[in-house]
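Below is one structure, written out as structure tokens, with a few remarks after it.
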Amino acid sequence: MDEQHMKTFCHVPIELEDLKTQTIDKKRFYETPDGNLYPSITTVLSVRNKKGLFEWRKRVGDEVANYVAVKAANRGTAVHHMCEDYLNNDFDEEKHKKKFLAYCLFKQLAKETLDNVDNIHAQECGLYSDKYKVAGRVDC
């Protein structure tokens with residue numbers, strides 16, 4: 001992403017009340033302003049069937065599975081930070097290029113998805129739904 005292809009994003013902030021979190025039995029819950037306690041969307045989705053992952057782990061062994069999982073998590077975190085910096089108009093290409101694979105993934109994501117975003121209202125803010133009784137943090 002050279003300077004001529006860097007998009008400048010418009011930020012139109014809105015005020016959202018910060019949600020307190022609690023960890024109960026290793027699961028994250030958010031407390032709404034009305035005092036309701038809702039599980040995080042990650043907690044809700046974590047109960048989904050993981051049969052395929054267990055089979056893969058059994059097939060490749062714990063050592064390989066752990067190595068791949070750590071590498072993938074680190075790469076995902078790096079891409080996440082790159083996306084945040086990009087959307088915040090604070091992208092340091094030289095810094096991010098040092099994580100080559102994550103940077104390549106980010107470039108694809110920026111071109112195909114992020115460059116279609118604008119009028120950013122919030123990032124990393126707590127949101128909840130009284131209708132669905134779930135909460136979480138919005139990326140954008």
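So which of K107/K133; K26/K111; K26/K51 end up more than 31 Å apart, counting from Cα to Cα?
Too far apart for the 31 Å limit: K107/K133; K26/K111.
Between amide H atoms placed 1.01 Å from N, distances below 5 Å from N36 occur with no residue 5 or more places distant or on a separate chain. Rounded to whole numbers, the Karplus 3J(HN,Hα) couplings from phi for the range 105-122 are 5, 4, 4, 5, 5, 4, 5, 8, 10, 4, 5, 9, 9, 6, 6, 6, 9, 6 Hz, using 6.51 cos²θ - 1.76 cosθ + 1.60 with θ = phi - 60°, and x at Gly and Pro.
Quick check for you: which residues of the range 105-140 have the amide N under 14 Å from the point 7 Å beyond the Cα of T42 toward its beta carbon? What the label zone holds, given the 14 Å backbone N cut-off, is 124-127, 135-139. In this rough spin-label picture, where each label sits 7 Å from Cα along the Cβ direction, the F100-L16 distance is 3.7 nm. With the whole protein complex present, Y38 retains an accessible surface near 10 Å², based on a 1.4 Å probe. Backbone amide hydrogens, once placed in the peptide plane, bring F9 within less than 5 Å of N89, excluding anything fewer than 5 places away on its chain. Helical runs (DSSP H, four residues minimum) scored at -39500 (n - 2.57) apiece and divided by the length of the chain put the mean residue ellipticity at 222 nm at -13000 deg cm²/dmol. For the range 30-140, the equivalent ellipsoid built from the Cα gyration tensor has semi-axes of 27, 26, 11 Å, listed from largest to smallest.
For the range 1-79, the spread of Cα positions along the three principal axes, ordered from largest to smallest, is 48, 48, 17 Å.
Taking 0.36 nm per residue of separation and subtracting the Cα-Cα distance, what length does fully extending V117 through K50 add?
Full-extension gain reported as 20.9 nm.
Modelled this way, with points 7 Å down the Cα-to-C-beta line, the labels at D25 and D62 are 2.5 nm from one another. Rounded to the nearest 20, the size of the Cβ-charge dipole of the chain about its Cα centre is 1120 debye, with Lys and Arg at +1 and Asp and Glu at -1. Solvent-accessible surface (1.4 Å probe) assigned to V70 amounts to roughly 90 Å².
The values are calculated or read from the model by the stated rules, or taken from the named source; none is laboratory data. Everything numeric here is computed off the predicted structure, so don't read it as measured data. Every residue, glycine as well, gets a Cβ built from its backbone with ideal geometry; the counts of neighbours run over all protein chains shown. Just the protein is used for accessible areas: all its heavy atoms, side chains included, with ligands, DNA and RNA removed. Shrake-Rupley method; radii C 1.70, N 1.55, O 1.52, S 1.80 Å.
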